[in-house]
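Heads up: the structure comes next, in structure tokens.
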Amino acid sequence: MKRYIVFILSFVLLYIVFQILSGWIVTALYTPDLSSINRHGSQEVVFGQTSIIPFFSTLFVATLAYLLSQKLFVSIKK
């Protein structure tokens, strides 16, 4: 159980770091299309909704990968 907790915690940490770095890179490389700006348009910024479902599905897949790798290594050792 200790290995699983260490695996999941390191996976979560790497997942968060990857999300932050990929967001930073995408933001840094973004160039807006200035030709489509409407001069009389609204200056309001609207962000999309966020969901925690992708994180939990990724965590579930990581758990399955861990269990499969443990089962595979046990069968290889025998």
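With the crude spin-label approximation of a point 7 Å out along Cα→Cβ, what separation in nm comes out for residue 20 versus residue 72?
Taking the two extended label points, one gets 3.0 nm.
Grab the beta carbon distance between residue 3 and residue 56, set R0 = 22 Å, and tell me the FRET efficiency rounded to 0.05. Write down the numbers at each step before the final one.
Values: r = 21 Å, r/R0 = 0.96.
Efficiency, from the Cβ-Cβ distance: 0.55.
Applying the Karplus parametrisation 6.51 cos²θ - 1.76 cosθ + 1.60 with θ = phi - 60° to the phi angles of segment 46-54, what ³J(HN,Hα) value in whole Hz is obtained for each residue in order, glycine and proline being reported as x?
Taking θ as phi minus 60°, the curve returns 10, 9, x, 7, 9, 9, 8, 4, x Hz for segment 46-54.
Coordinate-derived values only; no laboratory data. Bear in mind the structure is a predicted one, so any value in this text is a computation, not a measurement. Positions of Cβ are backbone-derived with ideal geometry, glycine not excepted, and every protein chain shown enters the neighbour counts.
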